[in-house]
1. Given 20 °C and 1.002 mPa s, compute D for the range 200-326 with the Stokes-Einstein relation, Rh being the Kirkwood radius over Cα pairs; round to the nearest whole µm²/s.
2. Please name which of Val464, Ala149, Gly138 has its Cα lying farthest along the dipole of the chain towards the positive end, using unit charges on Cβ (Lys, Arg +1; Asp, Glu -1) and the Cα centre as origin.
3. Where the centroid of each part is defined by its Cα atoms, how far is the range 257-307 from the range 160-201 in Å?
4. What is the mean projected area of the alpha carbon convex hull for the range 218-289, to one decimal in square nanometres?
5. About the Cα centre of the chain, how large is the charge dipole given +1 on each Lys and Arg Cβ and -1 on each Asp and Glu Cβ? Please answer in debye to the nearest 20.
6. Length gain on complete extension for the stretch Leu394 to Thr124, per 0.36 nm per residue less the alpha carbon to alpha carbon distance?
7. Assign one of three labels to the range 221-408, namely rounded, prolate or oblate, based on the Cα gyration tensor with a ≥ b ≥ c the square roots of its eigenvalues; rounded applies when a/c is under 1.5, prolate when it is not and a/b is larger than b/c, and oblate otherwise.
8. Please report how far the C-alpha centroid of the range 587-605 lies from that of the range 310-363, rounded to the nearest whole angstrom.
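Every number in this text was worked out from the coordinates using simple rules, so none of it is lab data. The structure presented is a predicted model; accordingly, all values stated were derived computationally and were not measured. Glycine gets a Cβ as well: all are built from the backbone with ideal geometry, and neighbour counts include every protein chain shown.
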Amino acid sequence: MFGFVARPLLAVAVATLVGGIALVAPPVARAAPNGLQIVTQTRYVALPAEKRIHVTVQARATNVTPDPPTGRYYYSAARFAVHPAIRNLTASSGGATLVARIVSSSKEFTTIEVAFGRSLFHGTTYPFMFAFDILDPGGLPQRDVRVAASLVAFPIWAFGSRGTAGSSVSVTVPAGYAVTIETGDLTTNHASDGSTILTTAAIPDPQSFFAYITAERPGAFHQTSTSIRLPEGTVTVQIRAWEDDPAWGARTKAIVSRGLPVLRDLIGLDYQVHGPLRVEEAAGSRLGDYAGVYNTVTETIDVRYDADGYTTLHETAHTWFNDNLLSGRWIAEAWAEYYGVEAGKRIATDGQPFTVTAQLSAAKIPLNAWGGIGDEPPLTEEYGYAASYRIAQLIAARSGISGLHAVWRAAEDSEGSYQPAHPGSTPEKGLAATVEGWQRLLDLLEERTKHGYTDLWRQWVVTVDEARALDARSTARADYARTVTAAADWELPYQVRYTLGAWQFAALQIELADARSVLADRDRIAAEAARLNLHVPGTLKADFESGTTFDLARQDGGAELAALTALGSAIIELGQPTSALESVGLLFADPAHRLGIARADFEKGDADSAVRDARAAREERRAAANAGRIRVGVVGGGALLLDGLAMGAFALRRRRRRRIVVPDRPDSEVQAPFSAPSGHA
C-alpha cells in the first residue's frame, strides 16, 4: 500500500581559506552533523481536479557549526530528500527567487538542492521556502500516490535536520472527501468551507515522522456485470469500480471470473451467495486498516483500490468461510487465505501470502485469543493473519483436499461430529449450542480424515485453560473408542455421540460407564442363551441403540437375565429322572409344554412372561411327586371301597337267591356279576 522510506536531509558545507589553511568539509554531509539546523512548516494541499498534491515548505536554516581558530565555516545550500517523481520545483527567500534543482531521483525519493542567496555563517539564520508538486504516476494499483476525483492517497513527510525539534506538517483535503489517516500522528479538523485540515504538533525529529492518508469521494462508481459458470449453474458478479479507475474494474473482473470457479472446485461446496455478488472498489474510509471486507448480509465485497490478486480471492473465499460455516475469526481468515492463495497460484495472479516472521512471532498469541477487528495492536493483528494461514497449510498437508471436502460438507450439513461406527447409517445431525468453531473443527477434522490435529491446536490455537479441555477430550475419546470396540456390532446411541461432540466430558463418562454395564449384561445374556439353545431377542439391542438414557436397557437386561435364570432352573428341574409316583402326578400336567411357552416368551422379547411360565413349569415338575401321592391315595381308597361294596352285593344276591326263584329269561337279559376295578400302587 505504501512504504516507509528514510528521507535524509543533506547539507552542503563550503570551506574558506584562512591563513593559508584550507578547512574542507565533505561536499555532502548527512545532517552535517547537525551543523546546519533546519526547522520547517510543511503544507500539503490536495488538488484532485488538477491531479496533483501541492507541497510548500517554509524553512529556517541556522548555522551552528563553530568556526575554527584559523577560519570560518559557512553554508551556501541545503539538500533535501523529498517524494519521488516530483514536478514544478521552485524556491525563494524574501521574495527573491532561489536556484533549486533536482540532484538525483530514485523510486524511493528525490534529492533536491536549494542554493542560499548568500553565505550562511556561524550563528546566523536564513529563511527560505521551496515548493513542488506530487503527481500520480499511474500504473500499478499498489502505487503510493493516487490523485483522482474518486480517491486521493499519498505519503506525508516532514523536513528538517535530524534530531531538531520544532517542525510541523499540515494537510488540506477539499470538501466532499472522507479522509482516513492510515498511519501517523495527525489531528483532524474541518474548515468553514467543508475541507478537512490535518495537523501535527511540534515534531521532535522530522526524519522519524511518517504519515499516510486516503481520501475517498463516495458515489462515483461504474458498474459492469459478468456471468460465471459453476457446477450449480451460472452466477452473476457485479464489479463496481470508481469512474476514474477503469483499470481496477477490468483487473478485478478478470481475477474474479477466473478465480471463482477454481475456488468452488478447491473448496468442494456449492456457491453460497444467493443473489448477485457485488465487488466494490474502496479505500480506507470504508476499510480502515484492511485490504478487503466481505459483508455476509449484503453479499458485498469491498476491495481496496490497491489490493493484489490474492487479496481479491481471499475476500471471495469469505463467501464460504465466515461464521455461517464455522464460528471463529481465525478459522474464517485461515481458510479464506489458504484457498485465496491456492486459487491465485492456479490462475497466476499476483500477491504476497502472510508469513510468520521472527518479528511477528514476538507478538504471538493463541489464535483463540485473537480479538475482533481493531482490538489488537498492529503486530498482534498481523500475527493473527499469518498464524491462521500457517495452521491452514499444516492442516491441509495432513488432510488433503478430499479430506477437507468431507469436513466442509459435514459442517455445512450440520452433521454431528461423531457418527455411527458402522457403515450404511444415515448421517446424524445435531449440534450443541455450547460448542465453538475451534472445537467442532478439530472434531470434524479428526473424525472425517482419520488424522490427528491436537498437536496443532496446542501449538497454535488454544489458551492455557483450553489446553486442559484438550486433555479431558483425549481421555474421553479413548474411553469412547474402548466402548465402541466393546459394543462390537451394536451402535452406541445418538445421545452418547452428541455428548462427546458437545465436549460434555463429565456427563459422557457416566454415559459410557452405563453403556459398558449394559454391554456386560448383553454378553452374559448371549452366553447363557447359547447354553440354553435360545435365540436372543432384539429388545435389549433396540433399547441400547435408541435410548436417550440406559435406564430402560438396564431394566430389560436385568429382566432377560432373570428370565434366563428362571429358564435354566426350569430346564434343570424338568431334566431330572421321573419316578413312578411323579408319573402319576404328571398324568394331567405338561410342564414341558409350559417350558416351551416360556422359551417362546423369551425369544419374542417378553421376559416377564418367560419368568412366569418357566417358574410355572418348574413348580409343576416339582409338585409331581405330591400330586402322585394324592392320586395314588385317592385311587387306592376308591378301590377298597368298591371291593367292599361288591362283596356286599354278592352276598346279598346269594341270600336272595335262596329265598327267591328267578323266572327263566333270555341270556341277554342276565346281569353280569359286578367286578371291582383293579388298581396299582
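1. It diffuses with D of about 135 µm²/s by this estimate.
2. Most positive-ward Cα: Val464.
3. That distance is 32 Å.
4. Numbers: hull surface 22.1 nm².
Averaged projected area of the range 218-289's Cα convex hull equals 5.5 nm².
5. Values: 66 positive and 74 negative charges, 295 e Å.
For this selection, approximately 1420 debye.
6. Working: separation 270, 0.36 × 270 = 97.20 nm, distance 6.53 nm.
Gain in length upon complete extension: 90.7 nm.
7. Working: a/c = 1.78, a/b = 1.24, b/c = 1.43.
Oblate is the answer for the range 221-408, as a/c is 1.5 or above yet b/c matches or exceeds a/b.
8. Here the answer is 72 Å between Cα centres.
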